Structures are given as structure tokens and as C-alpha cells.
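*Asks:* Below you will find the structure I want to go over with you.
The values are calculated or read from the model by the stated rules, or taken from the named source; none is laboratory data. Model, not experiment: these values are computed from the prediction. As a convention, Cβ positions derive from the backbone with ideal geometry for all residues, glycine included, and neighbour counts pool all protein chains shown. Just so you know, the surface numbers come from the protein's heavy atoms only, side chains and all, with ligands and any DNA or RNA stripped out. Shrake-Rupley method; radii C 1.70, N 1.55, O 1.52, S 1.80 Å.
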Amino acid sequence: MSVTASSVTASSVTASFDLLLRGGRVICPASGVDGIRDVAIRNGKIAALAPDILPTSAKEVVDVGGKLVLPGLIDTHAHVYQYVSGRFGMNPDMVGVQSGVTTLVDQGGPSCMTLPGFRHFIAEASASRVYAFLSAYLVGGLEGHFYPQLYSPDGVDIDATVKAATANLDIVRGIKAHAEIGGFARWGIRVIEMAAEIGKRADLPVYVHFGQLWGLPESGANGEDADTILTRVIPLLREGDILAHPFTRHPGGFVNREGEVHPVIQAALDRGLKVDVGHGSHFSYRLAKKAIAAGIIPSTLGADIHGYNTHVPAPAGTPDQHEDEENHPFAGQAKFSLVQAMSSMMALGLSLEQVVPMVTSNPAKMLGRSEEIGALKVGMAADVSVLSEQNGRFVLKDNENNEVIAERLLQPAFCLRAGTRFDAVAPILPQAVAA
């Protein structure tokens, strides 16, 4: 007889498990579980989930009492095409399993031209599970803030990108594009129209960056207005497409220059579009408070860590610094991680129970992989994130130097990726700062 979650009790367990995570608070939105549970792993899969599993039934027992035990965290906005995308590309396992995160979604690193390299050197070579949202642009996620001319309509091949995406659906789960004033001032709306066409033909969600990315050309805005971009782009998008960087500190986000949340956002959510935080250096507590107060609750919580907003050595031969290093859109001084971004959302007034789905079940749905990731269910791969929780008063700061006080601070302890343990030892992880 197979062992199920309902049949496992302290007296009935006879199976031999490889590992038992004992006594943690298990929160699995996909299963409706929230309470003290034991989690048993065998052969890299979840073998049992129950309130009391005999410790003697497992070869190894790890006491996780007082900790949170969650489905393996999913970062929906990563930049991990290491070396190929210059200083943007982080080491996938540093951002992933070494930071307590089991699944990464690279946003726009690979293109139709560079996807084979991404598959071989990143997706297949990493301990972390890695997917990609394929760039709508032929050049992918190269150091685009230096070379905006590469991101014009002439740099988009709809047919080639659709072909690459549909031939690689095991790792390509969406399309990445940008809708921002720098591009609109140069080329108008054409690029995002082409990206929307790619998404439609490939039948994949389109993840759209909002908020200024490139500086304006010498000719200026050319009649374009950052505050009108959302209202023009959203009608091009389909149910399931994703609006990114809702809380950006740059022009063209969800909050207009008058400090008001665009009314078109709620209408977009009502027809099935989704919102991803895309934290990064764009993130502003000031604007996040406005948007959340207006009822804009993100579906997913991408961290958007890259080599410009955390401290890693620049690869040899890449530009020493941006010409406007202090103010360019990617600049960042505040260390952060996906788990710290969870603490940010809680400091802004969302509950832990609201935040956990943003990094587990919701991104699994976004990726069309709910049967494989984002849940702790018997038979699924044992992707598990274990977090510690500190109570007190902790200072969190954004890149506008706004501060919020977090009374609950989450930090990664370790994770399991298909049953293999990885401790949270990434050098990019931020330290707690007491208020």
C-alpha cells in the first residue's frame, strides 16, 4: 500500500525515509496546509506529510522546530546568464539554492540566438532549477543600458523567437519585453507590439518591464509621455501576461507623476493580467505604500538581483562603471534577496499568509508547472525552503533611502533541491539591521 499524507501516523509509519524535517510550521497554499507538520523525503521526493512521523522511520532527522517550512521558493525575476550577459549575470546557485531559493526564472537573459548556450551552461549545469522567459530581442539580456540601439524593432525577429520558444518549452516559459519611455522616445510602441505578437503565437505569457530603463535620446522624449505608456500597452496584453515593477521609483510605473495609481491597473487585474514585484533597485517603499493602499496586491515576487545592484566582481573586460553610476536605473546600494523581499512585503502590511503564495503556488501557475513545483505534495520533487523568523524591529531600506521597520524578519536557513540539502551561505545575502 502506498503511503499517503492522510494515512501516516506515529504508529503506522513503517517505510524507511531518507530525511525527516521535524516540527516546523509548514505552509503550503497549494495544499491548504498551515500548521506544525513533519515532512519526510525519500529518493528526492516528498514521501509523507503529517503532524507526527516517527523519527526512527528516517535515516536522518533535522529538527526545524520554530522555523517555516515552505515549498521550494520560486524567484520569478532572476538574471543568471552568467558571463554571457556581462555584469548582469549572477551565478545561478548563488542567487538560487545558496540563498534558500530552489527555482529561478531568468528574465530575458537568453534570446533565440543564445538559448542553446543557456540550456547547456546554465539550466543543465546548475543545482538550482532554472527556467527562462526568452528575450523578445535578438541580443537578449546583454548590457543593454550601454547599447539601447540594439533593442529597436530591427533587433526583433518574431518568427525566430516563436520557433525557439516553442521548441524549448521545457525551459522557456514566457517572453520578456520592455515598455518604457527611453524606448518609446526612440521607436514608439512597435517593439512591445512585436513582443505581444510573439507571446500570442507561442501561447506564452509576456512579462513586461515598466519604469524607465534607458535614458532619453538626444532628441528628447519626441512627444512621448511616460504616464501614458501603461494605458497604451495594457490593451495589447492577454490574460496571464505580467506587469512588472509596479513599485518602481522611475517614471512610467503604476504611480504617475501626480502620485496617483493609474486606474487602468485595476481594470487590467480584473481581466486576468498579473503583477510581479520585480524588486531590484527599482523598488520604492514610498510608491509601494501608495499602490498597496489602492488595492494593488502583486501575484508574484521576483527579486531582480543582478550584478549592478549587488556587490559582485565585474567580469574582466566589461565597462568599469556606467557613465552615470550614481543615478543610472540599475544602481543599487541596499542589499536584498528574495527572502528579504518577502520581509519587505510584510513590513508594508501584507501578512505572511499573503506573501507565501507569491513565491510558491502563484509562480508555479505562472510557469504552467503547478504539478511539478510550488507545493509540498506526496510524490512531487522534494524542493523545500526552510526559513528562520526573527521578531523585533529591523530596518529595511530602499534605493531612495526610504526606510521601513520590519517587526518580523525572514532569513533563509537551508533548502532542499530534489532532496539534496544546500545551506544558505550566499555572500550576497543581507544581514539583519536592528532598529
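*Asks:* State whether one or more residues within the range 150-161 are in contact with a helix residue (DSSP H, G or I) (Cβ under 8 Å, 6 or more places away or on another chain), under 19 Å from His262 (Cβ atoms) and modelled with pLDDT of 95 or more.
*Replies:* No; the residues of the range 150-161 include none that is in contact with a helix residue (DSSP H, G or I) (Cβ under 8 Å, 6 or more places away or on another chain), under 19 Å from His262 (Cβ atoms) and modelled with pLDDT of 95 or more.
*Asks:* Given (1) touching a residue at least 12 places away in the same chain (Cβ under 8 Å); (2) open to solvent by 10 Å² or more (accessible area, probe 1.4 Å), where does Ala167 come up short, assuming only one miss?
*Replies:* (1) is the only condition that Ala167 fails.
*Asks:* When you go through (1) open to solvent by 10 Å² or more (accessible area, probe 1.4 Å); (2) touching a residue at least 24 places away in the same chain (Cβ under 8 Å) one by one for Pro363, which number turns out not to apply?
*Replies:* (1)
*Asks:* What number of residues within the range 238-256 satisfy the criterion of being open to solvent by 10 Å² or more (accessible area, probe 1.4 Å), of a type in the set (A, V, I, L, M, F, W, C) and part of a loop (DSSP other than H, G, I, E, B)?
*Replies:* 0
*Asks:* Does Phe133 count as part of a helix (DSSP H, G or I), surrounded by 23 or more Cβ atoms within 10 Å (Cβ to Cβ) and modelled with pLDDT of 95 or more?
*Replies:* Criteria not met by Phe133.
*Asks:* Let me ask something else. Can you tell me which of Val378, Val384 is open to solvent by less than 50 Å² (accessible area, probe 1.4 Å) and β-branched (Val, Ile, Thr)? Full working, then the answer.
*Replies:* Details: Val378 fails: open to solvent by less than 50 Å² (accessible area, probe 1.4 Å).
Sole residue among the options that is open to solvent by less than 50 Å² (accessible area, probe 1.4 Å) and β-branched (Val, Ile, Thr): Val384.
*Asks:* Oh, and also: Check whether at least one residue in the range 96-111 is open to solvent by 10 Å² or more (accessible area, probe 1.4 Å), part of a strand (DSSP E or B) and either in contact (Cβ under 8 Å) with a residue 60 or more places away in the chain or over 21 Å from Ser281 (Cβ atoms) (or both), and report yes or no.
*Replies:* Looking through the range 96-111, none of the residues is open to solvent by 10 Å² or more (accessible area, probe 1.4 Å), part of a strand (DSSP E or B) and either in contact (Cβ under 8 Å) with a residue 60 or more places away in the chain or over 21 Å from Ser281 (Cβ atoms) (or both).
*Asks:* Next question. Filter the range 318-375 down to the residues that are at pLDDT 95 or above, assigned to a loop (DSSP other than H, G, I, E, B) and hydroxyl-bearing (Ser, Thr, Tyr) and list them by number.
*Replies:* Once the filter is applied, which keeps residues that are at pLDDT 95 or above, assigned to a loop (DSSP other than H, G, I, E, B) and hydroxyl-bearing (Ser, Thr, Tyr), the range 318-375 yields Ser351, Thr360, Ser370.
*Asks:* Of these, Ile181, Ile198, Ile175, Ile189, which one is open to solvent by less than 20 Å² (accessible area, probe 1.4 Å) and closer than 19 Å to Gly252 by Cα?
*Replies:* Testing whether each residue is open to solvent by less than 20 Å² (accessible area, probe 1.4 Å) and closer than 19 Å to Gly252 by Cα leaves just Ile181.
*Asks:* For the range 32-41, what are the residues that are open to solvent by 50 Å² or more (accessible area, probe 1.4 Å) and touching a residue at least 60 places away in the same chain (Cβ under 8 Å)?
*Replies:* Here is the first cut: in the range 32-41, the residues open to solvent by 50 Å² or more (accessible area, probe 1.4 Å) are 32, 34, 36-37.
Across the range 32-41, the qualifying residue is only Asp34.
*Asks:* Also, I was wondering about something else. Please go through the range 219-236 and pick out each residue that is open to solvent by less than 10 Å² (accessible area, probe 1.4 Å) and farther than 12 Å from Phe184 by Cβ.
*Replies:* Across the range 219-236, the qualifying residue is only Ile234.
*Asks:* Would a scan of the range 15-29 turn up a residue that is open to solvent by 20 Å² or more (accessible area, probe 1.4 Å), at pLDDT below 95, aliphatic (A, V, I, L, M) and out of contact with any Asp or Glu (no Cβ under 6 Å at 6 or more places or on another chain)?
*Replies:* Yes, that holds for at least one residue.
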